[in-house]
Amino acid sequence: MQTDFLVIGSGIAGLTYALKIAEQFPDKKVVVMTKAAADETNTKYAQGGIAVVNDLENDSFEKHIDDTLIAGDGLCNKEVVEIVVKEGPERVRELIEWGARFDKEEDGDYKRGKEGGHSEFRILHHKDVTGKEMERALIDAVNNQKNIEFIKHCFVVDILTQHHFGYLVNKATPDVECYGVYVLNLETNKIEKILAKITLLATGGNGQVYRTTTNPAIATGDGVAMVYRAKGRIENMEFIQFHPTALYEPGVRGHAFLITEAVRGDGGILRNLDGEAFMEKYDERKDLAPRDIVARAIDSEMKRTGTEHVWLDCRHFTKEKFIEHFPNIYEKCLSIGIDITKSMIPVAPAAHYSCGGIKTDEWGRSSIRNLYACGECASTGLHGANRLASNSLLEAMVFAHRCFVDAAEKINSLSFSNNIPDWNARGTTEPKEMILITQSLKELQQVMSDYVGIVRNDVRLQRAMRRLDLLWEETEQLYESSSLSPQLLQLRNMITVGYLIVKGASFRKESRGLHFNTDYPNKSNLVQNIVL
Ligand code: FAD
Ligand code: SIN
């Protein structure tokens, strides 16, 4: 297959870009590819909403810019922050035109929520299922666009570069180029070659690297791992954001249900097991301090009291008020026997968002030619050392637009490469034991959670690296000898991502934003991004 534009990922980033390209080039083909069902994305699970300045009487671009810079703890690229905040309203307007609905007051004005680190009420939302509504609107719009081919259940394995026709490519090679991808078609179990003039990676986050995460099973960091293998630049991977309040359900591993920060924005109070509202001990902004501070405070309270959760107290809400904004959370809690008007909700931090990723410039261009990246897999410079709540949906749309503008200018000067060979599967056999993969995955998640979590130190990081080395060696042996499965490919990608997180964390000899190392508890004067 060959296509002018190839889009990997069907979340907010990939679909926004695909729609714009398809509208601008009705005669060109756009292929959108996803490894799962169309809507199975981090986007679908977004709850709180999208941070955007659309009430200039009470809010301003300057305030949103300042809030983002403060959360980012000295590492945001100010120019990028200004771009995202100022271009955001126009992108949200387009999303509304594509059919996304946000909650309104009786007078027709938008309802605006508040979350940690925001100085104003500016979060547009659709109850507590904002992402589901956005994803619905985008998929409907894509389905109405005749020149978009939407291919589901196709797992992108690797991006094609000069390496695939025999050139030696390493980090020092100038002008590495992307010619398309190899994909594992999950229906035929065959690896296919797809040539593209321009490829966009919108592959989302990597929460599954940890034992408990708010991210669904698709969030395995595939795009970052592919770019690293192709010798592209990856940045700031140590900044993994732990959401302070995932629902604590004993025995539940993997995908944890989120209790949106908007609950605290509406007045929810964190309490420790003694019933004390502990956040005032940690920060004057209390429950609405930026996420890194709240997650660390909860971690510290859990360690102090020897428990696996704290409480989120919503008993002072009226049932009607809670259900109006948070119907999904109300139902979920009730389904496990918690009536939020009578009982507190058990919550604990869970891996939530990757602030680093594929390094891009202000047009979403990666360090590999004709390869763009946007959304959670990208590191644009917006988030710095800690993402401000509800800024990621906004960033995804602003950068999807910027990738579109740049790609549209370039497309007519590009051609396909005819030098790429078909995939060679000679010498591989069906893996005999799936347990080799599932057990290694458990080990990886255990190592990352125990040694590379909210609080780190040098000994833990060294231990983690030694264990990852072994897992890597064993997984490479499997990869070389087995026919490929999504489980094996994801494991391989997640080990790479784990390695990049540990490497970034080991290089950062300071504590800043989401990276807290007890051996270096202060910020260094050297303000730097770590590029691998
Ligand atoms: P995703 O939406 O995750 O899409 C990734 C796509 O890539 C998927 O289609 C996946 O199948 C595909 N893919 C990945 N690897 C491959 C591969 N190898 N081959 C083929 N396809 C592949 N942010 C906010 O701003 N506000 C919020 O309120 C908010 N709430 C959140 C709540 C939860 C529970 C979670 C998990 C996140 C939340 N976030 C929120 C973060 C935000 O939702 C995500 O950062 C954003 O949706 C990411 O969008 P994306 O398009 O980059 O990736
Ligand atoms: C939430 O709703 O608490 C998540 C918001 C975000 O991750 O930006």
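The values are calculated or read from the model by the stated rules, or taken from the named source; none is laboratory data. Bear in mind the structure is a predicted one, so any value in this text is a computation, not a measurement. Because the Cβ atoms are built from the backbone with ideal geometry, glycine has one as well, and the counts that use them run over all protein chains shown. These area figures cover heavy atoms from the full protein model, side chains too; ligands, DNA and RNA do not enter into them. Shrake-Rupley method; radii C 1.70, N 1.55, O 1.52, S 1.80 Å.
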Fill in: Subset of segment 239-264 that is open to solvent by less than 20 Å² (accessible area, probe 1.4 Å), out of contact with any Asp or Glu (no Cβ under 6 Å at 6 or more places or on another chain) and not aliphatic (A, V, I, L, M) - its residue that is farthest from ligand 2 (Cβ to nearest atom)
Gly254
Item to complete: Mind telling me which of the residues Glu474, Glu510 ends up being of a type in the set (Asp, Glu) and open to solvent by 40 Å² or more (accessible area, probe 1.4 Å)?
Response: Glu474
Response to the item:
Residue set Ala396, Ala408; condition surrounded by fewer than 18 Cβ atoms within 10 Å (Cβ to Cβ), at pLDDT 95 or above, closer than 30 Å to Ala100 by Cβ and in contact with a helix residue (DSSP H, G or I) (Cβ under 6 Å, 6 or more places away or on another chain); output residue Ala408
Item to complete: Spot the failing condition for Val224; the list is (1) within 15 Å of ligand 1 (Cβ to nearest atom); (2) farther than 25 Å from Arg304 by Cα; (3) open to solvent by 10 Å² or more (accessible area, probe 1.4 Å); (4) in contact with a strand residue (DSSP E or B) (Cβ under 9 Å, 6 or more places away or on another chain), and only one is missed.
Response: (3)
Item to complete: Considering each of Gly88, Gly74 in turn, give the residue that is surrounded by fewer than 17 Cβ atoms within 10 Å (Cβ to Cβ), within 30 Å of Val527 (Cα to Cα) and out of contact with any Cys (no Cβ under 6 Å at 6 or more places or on another chain).
Response: Gly74
Worksheet item: Mind checking which residues of segment 265-289 are open to solvent by less than 10 Å² (accessible area, probe 1.4 Å), within 16 Å of ligand 2 (Cβ to nearest atom) and in a loop (DSSP other than H, G, I, E, B)?
Response: Gly268, Ala289
Item to complete: Please give the number of the condition Gly48 fails out of (1) of a type outside the set (Phe, Trp, Tyr); (2) modelled with pLDDT of 95 or more; (3) within 16 Å of ligand 1 (Cβ to nearest atom).
Response: (2)
Fill in: Neighbours by Cβ (under 8 Å, 6+ apart or cross-chain): first from segment 481-510, part of a helix (DSSP H, G or I); second of a type in the set (Lys, Arg) and buried (at least 23 other Cβ atoms within 10 Å of the Cβ)
Pro486/Lys35; Ala505/Arg456
Discussion item. Just to check your reading of the model, which residue among Asp27, Asp107 is without any contact (Cβ under 8 Å) to a residue 60 or more places away in the chain and open to solvent by 50 Å² or more (accessible area, probe 1.4 Å)?
Written reply: Asp107
Discussion item. Of everything in segment 300-341, what is more than 22 Å from Asp450 (Cα to Cα), under 27 Å from the mean Cα position of the chain (by Cα) and open to solvent by 80 Å² or more (accessible area, probe 1.4 Å)? Give them in sequence order.
Written reply: Glu331
Worksheet entry | Verdict on Phe242 being in a loop (DSSP other than H, G, I, E, B), in contact with a Gly (Cβ under 8 Å, 6 or more places away or on another chain) and touching a residue at least 24 places away in the same chain (Cβ under 8 Å) | no
Item to complete: Select, from Gly337, Gly357, the only residue that is on the phi > 0 side of the Ramachandran plot and within 12 Å of ligand 1 (Cβ to nearest atom).
Response: Gly357
Discussion item. So, Gly204, is that one at pLDDT 95 or above, within 23 Å of His515 (Cβ to Cβ) and open to solvent by less than 10 Å² (accessible area, probe 1.4 Å) or not?
Written reply: no
Worksheet item: Does Asn143 satisfy being under 17 Å from Tyr17 (Cβ atoms), more than 25 Å from the chain's Cα centre (by Cα), modelled with pLDDT of 95 or more and not hydrophobic (A, V, I, L, M, F, W, C)?
Response: no
Worksheet item: So is Glu443 open to solvent by 80 Å² or more (accessible area, probe 1.4 Å), farther than 20 Å from Gln241 by Cβ and out of contact with any helix residue (DSSP H, G or I) (no Cβ under 9 Å at 6 or more places or on another chain) or not?
Response: no
Worksheet item: Here are Ser483, Ser413, Ser449: which of them is surrounded by fewer than 20 Cβ atoms within 10 Å (Cβ to Cβ), under 25 Å from the mean Cα position of the chain (by Cα) and of a type in the set (Gly, Ala, Ser)?
Response: Ser449
Worksheet item: Since Arg369 meets every condition but one in (1) open to solvent by 20 Å² or more (accessible area, probe 1.4 Å); (2) over 30 Å from Leu414 (Cα atoms); (3) more than 16 Å from ligand 1 (Cβ to nearest atom), which condition does it not meet?
Response: (2)
Worksheet item: Quick check: anything in segment 176-198 open to solvent by 20 Å² or more (accessible area, probe 1.4 Å) and within 30 Å of Glu249 (Cα to Cα)?
Response: no
Worksheet item: When you go through Val81, Val32 one by one, which is the residue that is over 30 Å from Ala217 (Cβ atoms), open to solvent by less than 50 Å² (accessible area, probe 1.4 Å), within 16 Å of ligand 1 (Cβ to nearest atom) and touching a helix residue (DSSP H, G or I) at 6+ places or on another chain (Cβ under 7 Å)?
Response: Val81
Worksheet, complete the sentence: Taking segment 58-85 and keeping residues without any contact (Cβ under 8 Å) to a residue 12 or more places away in the chain and not in a helix (DSSP H, G or I) leaves Ser60
Practice prompt. Take the residues in segment 86-103 that are part of a helix (DSSP H, G or I) and aliphatic (A, V, I, L, M), then tell me which one is farthest from Ser392 (Cα to Cα).
Written response: Ile96
Practice prompt. Please go through segment 382-395 and pick out each residue that is farther than 14 Å from Glu238 by Cα and in contact with a strand residue (DSSP E or B) (Cβ under 9 Å, 6 or more places away or on another chain).
Written response: Leu388, Ala389, Ser390, Asn391, Ser392, Leu393, Leu394, Glu395
